[in-house]
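Here is the structure we will look at, set down as C-alpha cells.
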Amino acid sequence: MGVEAKQNTQKLTVWQKAFLRDENWKKDELREAVFWLIEAFSAALGLVFGVLGLRGLPCLMAFFASAIAVPSVYCTSFLGVDEQDYGGKMEILGDSVGTGAATFVLAWVGFYTVLHG
C-alpha cells in the first residue's frame, strides 16, 4: 500500500479539512468550521475597528455584511462546497453570526476603550 493510499484512509479532523479544497463535508462539520471562521474573523475585525478608533452604525453594518460574505466566499470558492447541498447559506451560518456579533462588539468596544477612552 502506497503513501497516498494510507493518507486517503486516514480520517481528517475538521481543522485539517478546513484548510483543504474539495473535501467531503458532513453538515455538522461544515457548520463547526464556519462557526470558528466567523469567531476568528469577528475578533480580528473588532480589534482592527477598535485600534483604528472607528465607531458608529457603519461599523456594525460592515461587520454584518462581511460576516455573511466571508464565510460564503470561503465555502464556495475555497472549500468548493455547494451551499444548496447543505440547506443554503443561512443553514450553514446557523447561529454563528449572532455569537460572532457578540465577539465583534466585545473586541471592538474593549480595544476602543483601552486605546481611545
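The values are calculated or read from the model by the stated rules, or taken from the named source; none is laboratory data. Everything quoted here is computed from the prediction, not taken from an experiment. Note that we place each Cβ from the backbone using ideal geometry, even for glycine, and neighbour counts take in every protein chain shown. Calculation scope for accessible area: heavy atoms of the full protein, side chains included, ligands and nucleic acids excluded. Shrake-Rupley method; radii C 1.70, N 1.55, O 1.52, S 1.80 Å.
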Point to revise | Positive-end residue, the chain charge dipole about Cα centroid, Cβ charges, pick of SER96, GLY80, MET61 | key: MET61
Review point. When the chain is fully extended, how far beyond the present Cα-Cα distance does ALA62 get from THR113, taking 0.36 nm per residue of separation?
Key: 16.4 nm
**Study point:** Extension gain (nm, one decimal) between LYS27 and LYS11, 0.36 nm per residue minus Cα-Cα
**Key:** 4.1 nm
Revision key, fill the gap. Counting only protein heavy atoms and rolling a 1.4 Å probe, one gets per residue an accessible area for region 15-62 in Å² of 64 Å²
Point to revise | Charge dipole (debye, nearest 20) of the chain; +1 at Cβ of Lys and Arg, -1 at Cβ of Asp and Glu | key: 280 debye
Point to revise | Cα long-axis angle, helix 57-73 against the chain (0 to 90 degrees, to the nearest 10) | key: 10 degrees
Check your understanding: Assuming R0 = 22 Å, what is the FRET efficiency of LYS89 and VAL48, from their Cβ-Cβ distance, to the nearest 0.05?
Key -> 0.35
Exercise for review: Could you tell me which label, among (i) 10, 30, 33, 22, 5, 0; (ii) 9, 14, 13, 11, 10, 9, 8, 7, 6, 7, 6, 2; (iii) 13, 38, 26, 16, 6, 1, 0, carries the value of P(r) over Cα pairs in 10 Å bins from 0, in percent calculated for this structure?
Suggested key: (iii)
Review point. What number of lysine-lysine pairs in the chain show an alpha-carbon separation below 21 angstrom, given a sequence spacing of 8 or more or placement on distinct chains?
Key: 8
Practice item. With an 8 Å cut-off on Cα pairs and a minimum separation of 6 or more residues, tell me the relative contact order of the chain in percent. Key: 40 percent
Practice item. Output ³J(HN,Hα) for region 14-27: one whole-Hz value per residue in order, computed from phi by the Karplus curve 6.51 cos²θ - 1.76 cosθ + 1.60 with θ = phi - 60°, and x for Gly and Pro. Key: 4, 5, 5, 5, 5, 10, 10, 8, 6, 8, 7, 10, 8, 4
